[in-house]
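What follows is a set of notes on a single structure, which appears directly below.
The values are calculated or read from the model by the stated rules, or taken from the named source; none is laboratory data. This structure is a prediction, so every number in the text was calculated from the model and none was measured. Reconstructed Cβ throughout: ideal geometry from the backbone, glycine too, with neighbour counts over all protein chains shown. Remember, those area values only see protein heavy atoms, side chains included, never the ligands or the DNA or RNA. Shrake-Rupley method; radii C 1.70, N 1.55, O 1.52, S 1.80 Å.
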Amino acid sequence: GNSVTQMEGPVTLSEEAFLTINCTYTATGYPSLFWYVQYPGEGLQLLLKATKADDKGSNKGFEATYRKETTSFHLEKGSVQVSDSAVYFCALSSGQGGSEKLVFGKGTKLTVNP
Amino acid sequence: SQTIHQWPATLVQPVGSPLSLECTVEGTSNPNLYWYRQAAGRGLQLLFYSVGIGQISSEVPQNLSASRPQDRQFILSSKKLLLSDSGFYLCAWSVKGGRLGRKLFFGSGTQLSVL
């Protein structure tokens, strides 16, 4: 079945450091890929997405490129801020006919220190 | 604009007690609705999804059930809670139809502790 594997956390960085959170997937067909973010005490919200191979999703300085050859969708940011501290979830979509079911990774907790 | 409401925010229940979590969506019609659970140290697990009133699909066998009595209302229930039901429960909705890649909109979650 479909699955998502993302790097174990927690990740602790200093402000302005470079961030990479690895994500690889297993899926049949051509899934869409997502990164969701969960800030402390809140629900999840979509950070970025890519719907086909070689697409790059970007938002708030974060980027991820859909790599079909390596089945990866790694999240990157060149310079993190304290406000980026959150839990990040990689996910893929599997669904047809209007049902959009997302399969999530376990999440990676990021803490950015000033 | 669309909004999703989920309550209560936190809940502490004894083992064996019943459960009812409610989720409502405003500003859209005929959405897909979802219940996810985020257990400690684990990822988000899809529990139920619904494509319409009275239509519920269960993703994993468990002690919980879901119902959709109205188009924009999704309820998660249990007759007798187990310790393993503790977790963070998230309701979500998405627009129906079209190509894949549509995003989910999540509620703020309910932290359930079963003691």
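Take the residues in region A:10-30 that are of a type outside the set (S, T, N, Q) and farther than 16 Å from A:ALA91 by Cβ, then tell me which one is nearest to the chain's Cα centre (by Cα). Selected residue: A:LEU19. Would it be correct to say that B:SER84 is under 14 Å from the mean Cα position of the chain (by Cα), hydroxyl-bearing (Ser, Thr, Tyr) and either on the phi < 0 side of the Ramachandran plot or within 14 Å of chain A (Cβ to nearest Cβ) (or both)? When the stated conditions are applied, B:SER84 does not pass them. Could you go through region B:54-68 and let me know if any residue there is touching a helix residue (DSSP H, G or I) at 6+ places or on another chain (Cβ under 7 Å) and either open to solvent by less than 10 Å² (accessible area, probe 1.4 Å) or over 16 Å from B:GLN6 (Cβ atoms) (or both). Checked against the condition, which is being touching a helix residue (DSSP H, G or I) at 6+ places or on another chain (Cβ under 7 Å) and either open to solvent by less than 10 Å² (accessible area, probe 1.4 Å) or over 16 Å from B:GLN6 (Cβ atoms) (or both), region B:54-68 yields at least one hit. Comparison of B:SER78, B:SER20 shows that the only residue that is at pLDDT 95 or above, open to solvent by 40 Å² or more (accessible area, probe 1.4 Å) and within 26 Å of A:GLU42 (Cβ to Cβ) is B:SER20. Note on region A:54-70: among residues that are in a loop (DSSP other than H, G, I, E, B) and in contact with a Leu (Cβ under 9 Å, 6 or more places away or on another chain), the one that is least open to solvent (accessible area, probe 1.4 Å) is A:TYR66. Within region B:95-109, does at least one residue satisfy the condition of being in contact (Cβ under 8 Å) with a residue 24 or more places away in the chain, open to solvent by 30 Å² or more (accessible area, probe 1.4 Å), β-branched (Val, Ile, Thr) and under 25 Å from A:GLY105 (Cβ atoms)? The answer is yes, given that some residue of region B:95-109 is in contact (Cβ under 8 Å) with a residue 24 or more places away in the chain, open to solvent by 30 Å² or more (accessible area, probe 1.4 Å), β-branched (Val, Ile, Thr) and under 25 Å from A:GLY105 (Cβ atoms).
Taken together, the criteria exclude A:THR51 from residues that are under 12 Å from the mean Cα position of the chain (by Cα) and either under 21 Å from B:LEU44 (Cβ atoms) or open to solvent by 30 Å² or more (accessible area, probe 1.4 Å) (or both).
Working only within region B:23-46, note down all residues that are surrounded by fewer than 16 Cβ atoms within 10 Å (Cβ to Cβ) and more than 8 Å from chain A (Cβ to nearest Cβ). Give the derivation first.
Here is the first cut: in region B:23-46, the ones surrounded by fewer than 16 Cβ atoms within 10 Å (Cβ to Cβ) are B:26-27, B:29-30, B:39-42.
Within region B:23-46, B:GLU26, B:GLY27, B:SER29, B:ASN30, B:ALA39, B:ALA40 qualify.
From B:VAL15, B:VAL51, grab the single residue that is within 22 Å of B:LEU115 (Cβ to Cβ) and either in contact (Cβ under 8 Å) with a residue 60 or more places away in the chain or within 12 Å of chain A (Cβ to nearest Cβ) (or both).
Working: B:VAL51 fails: within 22 Å of B:LEU115 (Cβ to Cβ).
Only one candidate qualifies: B:VAL15.
Confirm whether B:VAL15 is open to solvent by 60 Å² or more (accessible area, probe 1.4 Å) and touching a helix residue (DSSP H, G or I) at 6+ places or on another chain (Cβ under 9 Å).
On the way: open to solvent by 60 Å² or more (accessible area, probe 1.4 Å): yes; touching a helix residue (DSSP H, G or I) at 6+ places or on another chain (Cβ under 9 Å): yes.
Taking the combined requirement at face value, the residue satisfies it.
Is there a residue being more than 12 Å from chain B (Cβ to nearest Cβ) and either surrounded by fewer than 21 Cβ atoms within 10 Å (Cβ to Cβ) or closer than 21 Å to B:VAL95 by Cβ (or both) anywhere in region A:87-109?
Narrowing region A:87-109 to residues more than 12 Å from chain B (Cβ to nearest Cβ): none.
Checked against the condition, which is being more than 12 Å from chain B (Cβ to nearest Cβ) and either surrounded by fewer than 21 Cβ atoms within 10 Å (Cβ to Cβ) or closer than 21 Å to B:VAL95 by Cβ (or both), region A:87-109 yields no hits at all.
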